[in-house]
C-alpha cells in the first residue's frame, strides 16, 4: 500500500501532464500504481477542485453510480405511478 504522500505526489504530477511512466520513475512507484491512481482521478466526482464523492456499487441495482442512485429512484417513481394508475382505473 502506498503512503498518502506518495499518492498526493502522483496526483500532482498527473495534473501537471507528466506521462505515467515518467511519474513512476520520479515518485519511485510502480506503473500499475500510477495507472490505478490516474483511473481513480478520472472516476471521482469533483466540485470546485475537491472530491465530492466516489462512485459506489448500488446495493439495489448493482451498478457503479454516484450516490444517490438516480436509476433506482426513477424505477421506484415509475412503479408507484403505475400502481396509482391501476388503482384509479379499477
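Fully extending the segment from residue 16 to residue 74 would add 16.9 nm, taking 0.36 nm per residue of separation and subtracting the current Cα-Cα distance. Relative contact order, whole percent, for the range 1-43 stands at 38, derived from Cα pairs under 8 Å and 6 or more residues apart. Each label point was placed 7 Å from the Cα along the Cα-to-Cβ direction; for residue 81 and residue 31 their separation is 5.0 nm.
Every number here is computed from the coordinates shown, using simple stated rules; none is lab data. Only a predicted model underlies this, so the values are computations on that prediction, with no experimental measurement involved. Please note: Cβ atoms are built from the backbone with ideal geometry, for glycine as well, and neighbour counts cover all protein chains shown.
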